[in-house]
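Comments concern the structure below.
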Amino acid sequence: MGLRRVNVIILVLLAVAFLIIVQRNLLNLSDFLHTEKPDEGVILPFESELSPDLNSVRTGEEIPVLITAAEDRLGAVVAAMNSVYRNSKANVVFTIVTLNETVTHLKAWLSNTRLNRVKYKIVIFKPELLNGKISKDPHTPEAAKPLTFARFYLPAYIPEAEKAIYLDDDVIVQGDIQELYETNLKPGHAAAFSDDCDSASAKGIVRGAGNQNNYIGFLDFKKEAIKKLGMRATTCSFNPGVFIANLTEWKNQNISQQLEHWMELNTQEDLYAKTLAESVTTPPLLIVFYKRHSSIDPMWHVRHLGKFWLISNFKNEQTKNGFSNNHIVLMS
């Protein structure tokens, strides 16, 4: 009888040990699934990472949207992406261009918001790409904000797409971005912008605020290289904070290389206007796309509404001019 009791006790102990081992294995598996999946495909320098498999119900044609993510602007990036996603049922895929040291922080922001269900890929921007093309002074706007030039290299970041949307990180989208994506570009045009003179924000609400809206506000027309181009100084400028690109035409016309040429020439001849402030990406775009770009609906790029004192004026202008809805508000 005593031997049987010993055997029973041994069996019980073996069963308990077995259950403990199984439980630990299950816990380890659970931890693995919760901690490893968000970091799936660790980013190596200058490679891209896809978002996790989200089992998204959104299907149909993909709408590529490129946005940059600077370390000190992640909150704005999340807000902009969220506004796009929430106001459209389209199959939006974000390409987020950032610096290598920002990746971990960016992924934390994305995983802790509703954007953990958004399709995206993260691409690393290489600042050395700008060597010889911008000022070496680290205090200049172009040196301090290298990501602002990512828009010049759209086909490199979205090579599989024929068409794409670029958004600055300071926009809030209030309409269905698919409508913007479906904007028709004229044959031979590589991009479509909102002209400053035609923008809804120029119709009275920023009148007298001193904003530049023509070419002479961005380029030095006293310089010989600018004179030779035969451009009119009073030509209406455009804002490159929101635009659509035909990436096939962009590549065929070597737009990126043309932009680099004018960046390099500026470092040698100082072609930009002295009153340029921080709009360092605008001058080369104005030159390359002079009278060679299509237009987007001005209501897709309503500027300066981040300034609270302009909001009531904007509403008044909407009513007076018959605008029924505004789609994108540029917050800066």
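The values are calculated or read from the model by the stated rules, or taken from the named source; none is laboratory data. These numbers come from a predicted model, not from an experiment. All Cβ positions, glycine included, derive from the backbone under ideal geometry; neighbour counts span all protein chains shown.
Looking only at residues in segment 134-156 that are at pLDDT below 95 and among the basic types (Lys, Arg), the one that is surrounded by the fewest Cβ atoms within 10 Å (Cβ to Cβ) is Lys136.
Could you tell me which of the residues Glu36, Glu47, Glu40 is of a type outside the set (A, V, I, L, M, F, W, C), under 24 Å from Pro127 (Cβ atoms) and either at pLDDT below 50 or in contact with a Ser or Thr (Cβ under 9 Å, 6 or more places away or on another chain) (or both)? Can you show your working first?
Numbers: Glu36 fails: under 24 Å from Pro127 (Cβ atoms); Glu40 fails: under 24 Å from Pro127 (Cβ atoms).
Result of the check over Glu36, Glu47, Glu40: Glu47.
Counting just the residues of segment 167-181 that are of a type in the set (A, V, I, L, M, F, W, C), modelled with pLDDT under 95 and under 19 Å from Ala245 (Cβ atoms), which one comes out farthest from the chain's Cα centre (by Cα)? Filtering first and then ranking leaves Val173.
With respect to the conditions (1) out of contact with any His (no Cβ under 9 Å at 6 or more places or on another chain); (2) not in a strand (DSSP E or B), Lys121 falls short on a single one, namely (2).
On inspection, Ala161 qualifies as assigned to a loop (DSSP other than H, G, I, E, B) and under 17 Å from the mean Cα position of the chain (by Cα).
Has segment 257-276 got at least one residue that is at pLDDT below 95 and within 23 Å of the chain's Cα centre (by Cα)? Scanning segment 257-276 turns up at least one residue that is at pLDDT below 95 and within 23 Å of the chain's Cα centre (by Cα).
In segment 235-253, how many are assigned to a loop (DSSP other than H, G, I, E, B) and modelled with pLDDT of 95 or more? Quick ask: steps written out before the conclusion?
First, the residues of segment 235-253 that are assigned to a loop (DSSP other than H, G, I, E, B): 235, 237, 253.
Subset that is modelled with pLDDT of 95 or more: 235, 253.
Going through segment 235-253 one residue at a time, the tally reaches 2.
Residues of segment 262-281 that are assigned to a helix (DSSP H, G or I) and touching a helix residue (DSSP H, G or I) at 6+ places or on another chain (Cβ under 9 Å): Trp262, Met263, Leu265, Asn266, Glu269. Pairs linking a residue in segment 273-292 that is charged (D, E, K, R) to a residue that is part of a loop (DSSP other than H, G, I, E, B) and surrounded by 14 or more Cβ atoms within 10 Å (Cβ to Cβ), with Cβ atoms under 7 Å and 6 or more positions apart or on different chains, are Arg292/His189. Quick check on my filter: what residues within segment 73-118 are of a type in the set (Ser, Thr, Tyr), surrounded by 15 or more Cβ atoms within 10 Å (Cβ to Cβ) and assigned to a helix (DSSP H, G or I)? Across segment 73-118, the qualifying residues are Ser83, Tyr85, Thr102.
Restricting the first member to segment 128-157 and to residues that are more than 17 Å from Thr68 (Cβ to Cβ) and touching a residue at least 40 places away in the same chain (Cβ under 8 Å), and the second to residues that are among the aliphatic types (A, V, I, L, M) and surrounded by fewer than 20 Cβ atoms within 10 Å (Cβ to Cβ), the beta-carbon pairs closer than 6 Å and six or more apart or on different chains are Ser135/Ala143.
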